[in-house]
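Data block below; observations after.
The values are calculated or read from the model by the stated rules, or taken from the named source; none is laboratory data. What you are looking at is a predicted structure, and each value in this text was computed from that prediction instead of being measured. Neighbour counts are summed over all protein chains in view; Cβ atoms, including those assigned to glycine, are modelled from backbone coordinates with ideal geometry. Ligands, DNA and RNA are stripped out before the accessible areas are found, and what is left, the full protein with its side chains, is counted by its heavy atoms. Shrake-Rupley method; radii C 1.70, N 1.55, O 1.52, S 1.80 Å.
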Amino acid sequence: QDSSCAMAKSKAPAAKPQQLTIAKKMASTRKPGQVARGQPRKLAAPKPQQVSQGAGAGGHTIMLLQETKNLATRTWSEHPTLRQALDYFVSSYERQLKALNPQARELSYTVEDLHVYIDSMADLSALIFAPATKHYMPRNKTYLKQQLLLQLQSAAR
């Protein structure tokens, strides 16, 4: 046991100088005015038209889902657009309805049923890429419910 402790002690200090060297190298290659990683940056507030984009707008979308408080239920899915992410979410809901009602020939649900389902989740959010600002904008359940409603209304027309 003494030799393993001595080995662990001798390995730990060797890693720190390498990290410092990499950090110094990154700092020396940074352009003037560029913010270092891990340091807070000032982000411009999103413009109103970016916040209220329609369901088809927005770029690459990462949907983050946690069905219960159990962390093992955390999942994510990746989609080219918000519209496709919402389509995937609705189809997942429909699959769950079919699994819960295997004898039913037809299933029907309302937007309110989808909203109750969303509210029953421990977490549902999305990261939507905004091409104009070149960053991902986080969106919560409320925003996703609004966009889902807009998407279903436009599909009904």
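The rows are residues; the columns are (1) among the charged types (D, E, K, R); (2) closer than 19 Å to A126 by Cβ; (3) modelled with pLDDT of 95 or more.
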{"site": "W76", "(1), (2), (3)": "no, yes, yes"}
{"site": "L82", "(1), (2), (3)": "no, yes, yes"}
{"site": "R95", "(1), (2), (3)": "yes, no, no"}
{"site": "K98", "(1), (2), (3)": "yes, no, no"}
{"site": "P102", "(1), (2), (3)": "no, no, no"}
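Go through segment 129-157 and count every residue that is among the β-branched types (V, I, T) and in contact with a Pro (Cβ under 8 Å, 6 or more places away or on another chain). Spell out the reasoning first.
At the first step, the residues of segment 129-157 found to be among the β-branched types (V, I, T) are 133, 142.
Next, from what is left, pick out any that are in contact with a Pro (Cβ under 8 Å, 6 or more places away or on another chain): 133.
Going through segment 129-157 one residue at a time, the tally reaches 1.
Of the conditions (1) open to solvent by 70 Å² or more (accessible area, probe 1.4 Å); (2) under 22 Å from N70 (Cα atoms), K141 satisfies every one except a single condition; which number is it?
Here K141 clears every test but (1).
Which residues, taken from segment 76-128, are in a loop (DSSP other than H, G, I, E, B) and open to solvent by less than 30 Å² (accessible area, probe 1.4 Å)? Before you say what the answer is, go through the steps one by one.
To start, the set of residues in segment 76-128 that are in a loop (DSSP other than H, G, I, E, B) comprises 80-81, 101-110, 121-122.
Of everything in segment 76-128, just one residue is in a loop (DSSP other than H, G, I, E, B) and open to solvent by less than 30 Å² (accessible area, probe 1.4 Å), namely M121.
Answer yes or no as to whether D113 is of a type in the set (D, E, K, R) and modelled with pLDDT of 95 or more.
Details: of a type in the set (D, E, K, R): yes; modelled with pLDDT of 95 or more: no.
No: the conditions fail for D113.
For segment 129-138: of the residues being touching a residue at least 24 places away in the same chain (Cβ under 8 Å) and not hydrophobic (A, V, I, L, M, F, W, C), which is surrounded by the fewest Cβ atoms within 10 Å (Cβ to Cβ)?
Out of the qualifying residues, it is P131.
Going by the conditions given, is A122 at pLDDT 95 or above and out of contact with any Lys or Arg (no Cβ under 9 Å at 6 or more places or on another chain)?
So A122 does not fit the description; no.
Here are the criteria: (1) modelled with pLDDT under 50; (2) not in a helix (DSSP H, G or I). Tell me which single one Q49 does not satisfy.
Going through the list (1) modelled with pLDDT under 50; (2) not in a helix (DSSP H, G or I), Q49 breaks only (2).
Just to be sure before I move on: is T142 without any contact (Cβ under 8 Å) to a residue 40 or more places away in the chain and β-branched (V, I, T) in the structure I sent? Before you say what the answer is, go through the steps one by one.
Values: without any contact (Cβ under 8 Å) to a residue 40 or more places away in the chain: yes; β-branched (V, I, T): yes.
Yes.
With respect to L148, determine if the residue is in contact with a helix residue (DSSP H, G or I) (Cβ under 6 Å, 6 or more places away or on another chain), in a helix (DSSP H, G or I) and of a type in the set (A, V, I, L, M).
Spelling it out, L148 is indeed in contact with a helix residue (DSSP H, G or I) (Cβ under 6 Å, 6 or more places away or on another chain), in a helix (DSSP H, G or I) and of a type in the set (A, V, I, L, M).
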